[in-house]
Amino acid sequence: MKTVLITGGAGFIGSHLCEHLLRDPKVKRVVCIDNLDPTYPVKYKKENLSLLLPSKKFKFYKKDIRDRKALEAIFKKEKPDYVVHLAAKTDTRSSVHEAAEHESVNILGTLNIFDLAKDHKVKKVVFFSSSSVYGNTAKPPFKETDMLNFPLAPYGATKIAGEVLAYTYFFNFGLPIVCFRIFNAYGPRLRPSLVLYKWVESIMGGKVIEMSGTGTRKRDFTYVGDIVEAVDRALKADVGYEIVNVGNSSPITLKELLRIIEKVTRKKALVKSRPSSKASVELTYADVSKAKKVLGWKPKTSMEKGVSIFVDWFKENRL
Ligand SMILES: NC(=O)c1ccc[n+]([C@@H]2O[C@H](COP(=O)([O-])OP(=O)(O)OC[C@H]3O[C@@H](n4cnc5c(N)ncnc54)[C@H](O)[C@@H]3O)[C@@H](O)[C@H]2O)c1
């Protein structure tokens with residue numbers, strides 16, 4: 001029946017989404033575009049792809065979303081019914097020093113995807129935005145209607161730009177687009193630069209954990225399986241243009257995260273404090289009432305369960 005095109009499908013969240021769609025009998029074809037960006041080891045992305053490539057329903061194109069001609073040929077050939085756009089430069093901190101690269105992938109690349117989705121009459125686009133759009137000024141819990149003028153890093157600014165461009169494609173061409181503001185995703189295949197990964201790696205290797213500041217910053221960690229379920233619901237929902245928070249709505253401090261890791265691994269962490277990054281927000285906290293109303297979605301996975309799944313995966317795949 002339907003062909004779903006996923007950009008960034010070789011990455012952490014994208015590979016889970018591809019896996020989920022390949023299991024869905026109603027999905028005929030899953031097309032993935034990813035340039036295997038080397039921000040973290042390409043071998044991890046190849047490992048993710050190796051789980052998907054055996055399926056006859058899966059097709060992979062190693063292409064850059066800034067390459068409009070290449071994208072156009074793929075859209076023409078594959079005729080996707082739906083697009084989920086995850087491809088992006090994703091590192092908040094490095095975006096401060098590599099703003100131009102983040103701008104070109106996350107804005108120009110995103111524009112290419114929206115424009116081709118419009119040209120090829122795609123039924124719906126799900127665009128992955130981020131909780132980074134809220135910066136430090138939103139009042140907790142963060143609502144989709146909060147003001148967004150003060151993101152702390154270029155990464156967040158590019159995601160705001162993506163959401164705003166999405167609206168213009170809905171307004172002028174009626175292209176249905178759901179923008180997901182994702183809050184601190186985690187789970188198997190997590191990016192190695194993220195805190196849960198780094199801490200589990202250190203604790204398993206008996207190394208010292210680096211705690212940013214005093215560990216009082218709070219994060220609304222959201223399990224990747226719950227995010228995939230939200231995408232599934234968005235693809236099926238009858239919507240025009242919507243911005244939707246996808247978060248756990250239950251933030252914990254970094255110190256609490258460490259306690260959970262210690263409990264799950266049954267190991268005591270050695271901790272040293274390091275200065276916090278200026279571009280790192282104090283708090284992320286999603287109000288998910290809109291997700292419930294529009295998609296009938298709410299987070300299901302407790303932190304302890306999610307961390308335990310992650311640790312099991314880490315032991316099997318990274319030790
Ligand atoms: N992981 C999180 O906590 C989180 C939070 C908020 C938003 N998001 C968003 O979710 C999406 C997926 O994030 P992730 O954590 O899976 O990251 P990821 O880095 O694992 O995945 C992104 C993928 O995009 C690909 N990519 C990068 N530049 C590209 C380009 N020019 N052309 C084609 N492909 C390119 C990368 O190779 C990678 O496989 C991103 O848009 C990210 O901004 C993630």
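All of the numbers you see were taken from the coordinates with simple rules; none came from a lab. Quick caveat, the model's predicted, so the values are computed rather than measured. Note that each Cβ is placed from the backbone with ideal geometry, even for glycine, and that neighbours are counted across all protein chains shown.
Per-structure values
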item: Using alpha-carbon coordinates, inclination of helix 68-78 to the longest axis of the chain, degrees; result: 70 degrees
item: Beta bridges by DSSP in the chain, antiparallel share as percent, to the nearest 5; result: 5 percent
item: Length released on extending from Glu304 to Ala99, taking residue separation times 0.36 nm less the Cα-Cα span; result: 70.3 nm
item: Quarter of the Cα convex hull surface for segment 193-277, i.e. its orientation-mean projected area (nm²); result: 7.0 nm²
item: Translational diffusion coefficient (Stokes-Einstein; Kirkwood radius from C-alpha pairs) of segment 72-115 at 20 °C, 1.002 mPa s, in µm²/s; result: 182 µm²/s
item: Residue with peak Gaussian network fluctuation, the chain [Cα springs, cutoff 10 Å], from Ala87, Ala185, Ala73; result: Ala73
item: Principal-axis tilt of helix 195-204 within the chain, Cα atoms, nearest 10 degrees; result: 50 degrees
item: Low-density loop cleavage sites - chymotrypsin sites (Phe, Trp or Tyr not before Pro) in segment 217-273, where at most 11 other Cβ are within 10 Å (DSSP); result: none
item: Gap separating the Cα centres of segment 211-257 and segment 262-284, nearest whole Å; result: 19 Å
item: Anisotropy class of segment 6-112 from Cα gyration tensor, a/c 1.5 cut; result: oblate
item: Mean separation of Cα contacts under 8 Å, 6 or more apart, over the residue count of the chain: relative contact order %; result: 17 percent
item: Among beta bridges that DSSP assigns inside segment 102-252, antiparallel share in %, nearest 5; result: 5 percent
item: Total charge dipole magnitude, the chain, about the Cα centre, Cβ charges on Lys, Arg, Asp, Glu only, Debye to nearest 20; result: 780 debye
item: Within straight-line cross-link reach of Lys76, aspartates and glutamates at Cα separation under 14 Å, skipping those fewer than 8 residues along the same chain; result: Asp115, Asp119
item: Qualifying trypsin sites (Lys or Arg not before Pro) in segment 1-90, DSSP loop, other Cβ atoms within 10 Å at most 10; result: Lys26, Lys56
item: Exposure proxy order (Cβ contacts within 10 Å, fewest to most) of Leu49, Leu108; result: Leu108, Leu49
item: Helix-derived mean residue ellipticity, 222 nm - over the chain, DSSP H n ≥ 4, -39500 (n - 2.57), to 500; result: -12500 deg cm²/dmol
item: Rh (Kirkwood; distinct C-alpha pairs) - segment 262-304, Å; result: 14.6 Å
item: Square roots of 5 times each gyration tensor eigenvalue, C-alpha, the chain, largest first, Å; result: 31, 22, 19
item: Whole-angstrom gap from segment 27-62 to segment 146-172, using each part's C-alpha centre; result: 28 Å
